[in-house]
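K.L.:
Sharing a structure, written as structure tokens. Questions coming.
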């Protein structure tokens with residue numbers, strides 16, 4: 001086929017690209033997917049009557065285009081939610097975000113946080129907010145950083161925060177003013193903050209229903225076809241025991257992995273790939289008898305809890321759990337490439353059940369009806385001091401080879417589902433016009 005486009009990966013980004021190519025009457029593409037089914041990490045699976053996702057996947061929509069597309073993909077199979085998220089700290093469940101909802105903490109902690117925020121506002125001593133720690137201290141002060149910003153982000157990112165930049169913060173840490181901090185310290189607030197204050201979720205099928213909507217149009221899908229080698233000179237990909245020629249290649253696979261399968265990379269570009277870092281996440285999916293406490297998800301900054309976040313999967317849709325039961329996803333972060341042994345996962349599971357009982361998520365007489373681990377080897381690309389330059393060098397080099405990057409992992413960015421869907425549409429427009 002002329003101008004053949006090869007898409008590596010049939011997750012939400014790759015499928016969105018194919019879907020929009022079809023919308024534009026462009027069918028000279030094929031998708032190479034390593035797994036036996038499409039969806040990637042935006043997939044869902046069933047276990048003993050429960051539906052689980054690969055961690056929490058919610059449609060946070062901030063644009064008319066994103067909303068229209070979501071409605072088109074899901075139709076009537078959608079539920080609208082107003083976020084109910086909390087931070088569990090010092091025995092209290094505070095509304096998220098922490099910095100704007102300090103009310104309810106002991107006086108000494110509230111005083112320390114407010115004093116730190118006032119000092120930061122008055123002093124403005126930190127001029128360079130390129131680094132994450134400087135950014136957080138300048139915006140929130142020492143108290144809020146000590147009690148939440150630093151411990152939670154250390155737990156999540158699993159990297160040296162002193163070397164992490166603030167480039168990722170804008171969208172993902174809800175904005176707030178000094179007035180918001182002070183009001184939230186002494187009164188119970190009802191104001192919503194952040195891009196994820198509301199979200200859509202499928203009534204049935206879990207988040208995998210979104211990819212199901214894309215698959216109604218996206219075609220030419222080759223499953224069990226893991227990309228093993230890319231030859232820049234031949235412009236070919238080896239996958240599933242076959243070799244495929246391409247004119248344009250779009251990769252949604254983790255960028256670090258992509259670098260490992262490209263033949264004869266120039267040494268400077270190879271070094272840039274080696275500079276890319278990420279963390280890994282293990283997700284414990286649990287189904288239990290009985291109800292649970294209010295809320296969609298909870299953050300856990302304290303070391304007392306090995307997990308950084310716990311979500312109530314069944315709160316997204318009643319169809320995700322049998323009647324009279326509750327489903328959960330509990331997330332644990334590790335440095336990139338970490339492999340947790342099976343016996344250690346079992347210990348983590350037992351420890352987590354004790355914590356869930358103590359925290360009031362499950363009752364003492366609750367029965368475990370489903371339990372399983374999902375591993376996400378590459379979860380969050382890390383924005384350290386090498387990130388921006390290394391990533392730009394790689395993108396520029398690959399673009400010159402007619403290779404383009406797409407999606408959270410392909411483009412190596414901290415992202416969200418709406419962006420993946422819309423970036424797929426934008427990439428389709430770019431390729432059709434080329």
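K.L.:
Restricting to bridges with both residues inside the stretch 1-159, how much of the DSSP beta-bridge set is antiparallel, in percent to the nearest 5? Intermediate values should be presented prior to the final figure.
P.N.:
Working: 8 of 13 bridges.
Just about 60 percent of them are antiparallel.
K.L.:
Could you give the angle, 0 to 90 degrees to the nearest 10, between helix 132-144's Cα long axis and the longest principal axis of the Cα atoms of the chain?
P.N.:
It is inclined by approximately 20 degrees.
K.L.:
Divide the volume of the convex hull of the Cα atoms of the chain by its number of residues and quote the answer in cubic angstrom per residue.
P.N.:
Dividing the Cα hull volume of the chain by its residue count gives 149 Å³.
K.L.:
Order 69-82, 421-434, 40-53, 5-18 from most to least packed using the mean count of other Cβ atoms within 10 Å. Could you put the intermediate results ahead of the total?
P.N.:
On the way: 69-82: 15.1, 421-434: 18.2, 40-53: 20.4, 5-18: 28.7.
Result, highest mean Cβ count within 10 Å first: 5-18, 40-53, 421-434, 69-82.
K.L.:
Related question: List, largest first, the extents of the alpha carbons of the stretch 99-186 along their principal axes, each in whole Å.
P.N.:
33, 27, 22
K.L.:
Among DSSP beta bridges lying fully in the chain, give the percent that are antiparallel, nearest 5.
P.N.:
Working: 50 of 68 bridges.
Antiparallel bridges make up about 75 percent of those DSSP assigns within the chain.
K.L.:
Can you work out D for the stretch 282-434 in µm² s⁻¹ from Stokes-Einstein, where Rh is the Kirkwood radius over C-alpha pairs, the temperature is 25 °C and the viscosity is 0.890 mPa s? Intermediate values should be presented prior to the final figure.
P.N.:
Working: Rh = 18.3 Å.
It diffuses with D of about 134 µm²/s by this estimate.
K.L.:
With axes computed from alpha carbons, what is the tilt in degrees of helix 417-433 against the longest principal axis of the chain, rounded to the nearest 10 within 0 to 90?
P.N.:
20
K.L.:
Quick check: the distance between the Cα centres of the stretch 275-314 and the stretch 108-149, to the nearest angstrom?
P.N.:
27
K.L.:
Another question about this same structure. Alpha carbon centre of the stretch 32-106 versus the stretch 330-354: separation in Å?
P.N.:
22
K.L.:
Further question: On a 0 to 90° scale, report how tilted helix 12-23 is relative to the longest principal axis of the chain, with both axes built from alpha carbons and the result rounded to the nearest 10.
P.N.:
50
Each reported figure results from applying straightforward, stated rules to the coordinates on display, with no laboratory input. Nothing here was measured: the structure is a model prediction, and the numbers come from that model. Cβ coordinates were reconstructed from backbone atoms using ideal geometry, including for glycine residues, and neighbour counts include every protein chain displayed.
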